[in-house]
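Notes follow the structure.
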Amino acid sequence: MANENSSIQLVTNGILKENPIFKLALSMCPAVGISTTVMNGVMLGIAVLFVQVFSSVTISLLKNFIHPRIRIPTYTLTIATWVTVIDLTLAAYFPAAYAQMGIFVKIIVAFAIITMRLEMFACKEPVTASFWDGLGMGLGFLLGMVVIGFVRELLGSGAILGYDVLGFKPLLFFILPSAGFFVVGLMMGFFNWIEAFYAERKKG
Amino acid sequence: MKMILTIIFRLTVSCLIAGTIMGMTFIVTNKAKKANEFAREEKVVYSLMGYSHDNPIPDSMGMHEVFRYVVTEGDQQSIGYLVPMGAHGEGGGFSFIRISLDGTFIDQAEVVLSEDKVREIGDRDAAIQAAVGDSRQIRFTDQTIVVTDHGKRLAYLLHGKFPGFKTNIAVMLALDPAYSMVGLEVMEHEEDPGLGAEIEQDYFKNQFKYKPFDKIKSLEVVKAPMPGEYVDALEGRIDEADALKIMEQYKDQDIYALTGATISSDAVSSGVKGITKKFAYRLDILDNVLEGQQIEVPF
């Protein structure tokens, strides 16, 4: 399988065809909880991207060393290590952003998307393919977070990246966690609609 | 059996590698983190006092830190203050002054501690412990910075923490010698963005500025729309003299609550009220003792 898939295909697969948030519907907790502004989305997206790529590469490198009976604990250990690294780094060099999203960085350990990619892909495939797959998944997650954050920040507080663009707050509701589900639902529908649209065009 | 041993061995190796990576990251980042925190605090102190990095605090001004401890001896409790000694600029060492709960002087002990180690909580605790003896237990509670100019008190800077709507809110306040508010800065909070997080906005936190002590003692939150001119003054959109006039006019006004975040607004206002009242009470006692015992301090 790895030979058939080029690196570009692996990356776009994660961004579009198997987008973690809109297609696989994994890791919805952060997508709903933290994506209240674009900046939060970007920061958490980058953290997940980092953890995903490093964990995928680590597991792929060590796949012969990991005993099959204890592979899940090893995945968790690997993820926890890289999460701690990014957590300490963000806390040290980006204190302002970290203050807002500190607890969400720590729960990356439990993100379904990362464990799932390690189990489905990295433990079977070579290192380079795992790297591209991790990059694709991370970018897909980053994209999802930014899009949701954009919609919620614009509608909820009338601003983009903290700059007031509308001058008023259209719907305060969008800042609240429950609105995250609405935005994710609408985005899922939108993604599926685009896909259906192109499939239709190809056919006829 | 062999499988179990293999698993144990491999897991142990993995854990050791993971631990090494995490430990190395911690060592690398810890220094930067501490420097960051210190820089942020310094910046806040400067801005509360009306100075910036380009406009530094003159030499005649001094910042003297006072640390408050609770001392337990058996079932007896007393309050201990670690204060610098001697006049400003002389560096007369530190002293630990114990005061009983009803405000009378108990004893004073010399603490051997250098100027740069006083900020490190571990070193400080060890030095005080050595001064008071092993039979007493000490517990650090809070610290205050007394700002002086030519030996006269200019302001007090206090750290404070109180529960907000979600988690604790950490603030830093500046009071003048009559305990009126000079400024408020929100250091740390986890309130909802767009709602409670607005407590760090100028139009909310600057409401506390210039409130006299008498007003702070009975500070409440009102749910009413904020007058437009007041918002302009708080946000600094009009020139300083006019803004001051408007602030003066509203100085006996209660705090206007944030829209959709009454609990956060209330938490900040009662937190500030509590910190200020307690501080005023404690400092009066400390001053009484210092005067009564003729202890010379730089503030």
Inset, instruction - Over both sides of the A-B contact, add up the buried accessible area with a 1.4 Å probe and give it to the nearest 100 Å². - result: 2200
Inset, instruction - Provide Rg and Dmax in Å for chain B, with only Cα atoms included in the calculation. - result: 23.4, 83
Inset, instruction - Would you mind getting the accessible area per residue of the protein assembly as shown, heavy atoms of the protein chains only, 1.4 Å probe, in Å²? - result: 51
Legend entry - the protein assembly as shown: equivalent-ellipsoid semi-axes (sqrt of 5 x gyration tensor eigenvalues, Cα, Å): 51, 33, 17
Legend entry - Kirkwood hydrodynamic radius over Cα pairs of the range B:57-167, then Stokes diffusion coefficient at 25 °C and 0.890 mPa s, in µm²/s: 161
Inset, instruction - May I have the pair-distance distribution P(r) for the range B:17-71, computed from all Cα-Cα distances with 10 Å bins from 0 and rounded to whole percent? - result: 18, 30, 25, 19, 8, 0
Inset, instruction - Calculate the radius of gyration of the Cα atoms of the range B:190-229 to one decimal place, then report Dmax, the largest Cα-Cα distance, as a whole number, both in Å. - result: 11.9, 33
Legend entry - Of the trypsin sites (Lys or Arg not before Pro) in the range B:77-167, those whose Cβ has at most 15 other Cβ within 10 Å and which sit in DSSP loop: B:117, B:119, B:166
Inset, instruction - Tell me which residues come under 5 Å, amide H to amide H, from residue B:256 once H is placed; ignore anything under 5 positions away on its chain. - result: B:222
Inset, instruction - Give me the percent of Cα-Cα pairs in the range A:87-204 that sit more than 17 Å apart, rounded to a whole number. - result: 72
Inset, instruction - Keeping every protein chain in place, order B:71, A:151 by accessible area at 1.4 Å, biggest value first, i.e. largest first. - result: A:151, B:71
Legend entry - Point-charge dipole on Cβ atoms (K/R +1, D/E -1) for the protein assembly as shown, about Cα centre, debye to 20: 2560
Inset, instruction - Using a cut-off of 10 Å between beta-carbons, work out the net charge of the residues near residue B:98 (Lys and Arg +1, Asp and Glu -1, residue B:98 not included). - result: -1
Legend entry - Over the range A:1-146, relative contact order from alpha-carbon pairs under 8 Å, at least 6 apart, %: 51
Inset, instruction - Take the range A:95-140, drop everything but the C-alpha atoms, weight them equally and run the Debye formula without solvent; then report log10 I(q)/I(0) at 0.23, 0.31, 0.33 Å⁻¹ to two decimals. - result: -0.81, -1.06, -1.12
Inset, instruction - Please arrange B:46, B:281, B:69 by accessible surface area, largest first, computed with a 1.4 Å probe and ligands excluded. - result: B:281, B:46, B:69
Inset, instruction - With runs of 4+ DSSP H residues as the only contributors, calculate the mean residue ellipticity of the protein assembly as shown at 222 nm using -39,500 (n - 2.57) per run, divided by the residue total and rounded to the nearest 500. - result: -17000 deg cm²/dmol
Inset, instruction - Please work out, to two decimal places, the log10 of the ratio I(q)/I(0) at q = 0.16 Å⁻¹ from a Debye calculation in which every Cα of the range A:1-148 carries one identical scatterer. - result: -0.79
Legend entry - Taking all pairs of distinct alpha-carbon atoms in the range B:10-126, Kirkwood radius in angstrom: 18.2
Legend entry - Sequence of B:287, B:123 from largest to smallest accessible area, 1.4 Å probe: B:123, B:287
Legend entry - Per-residue ³J(HN,Hα) for the range A:43-57, Karplus 6.51 cos²θ - 1.76 cosθ + 1.60, θ = phi - 60°, Hz, x for Gly and Pro: 5, 5, x, 5, 4, 5, 4, 4, 5, 5, 5, 5, 5, 4, 5
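The values are calculated or read from the model by the stated rules, or taken from the named source; none is laboratory data. Please read these numbers as outputs of a predicted model, since none were measured by experiment. Every residue, glycine among them, receives a Cβ derived from its backbone with ideal geometry; neighbour counts consider all protein chains shown. What goes into the accessible areas is simple: the full protein's heavy atoms, side chains included, and nothing from ligands, DNA or RNA. Shrake-Rupley method; radii C 1.70, N 1.55, O 1.52, S 1.80 Å.
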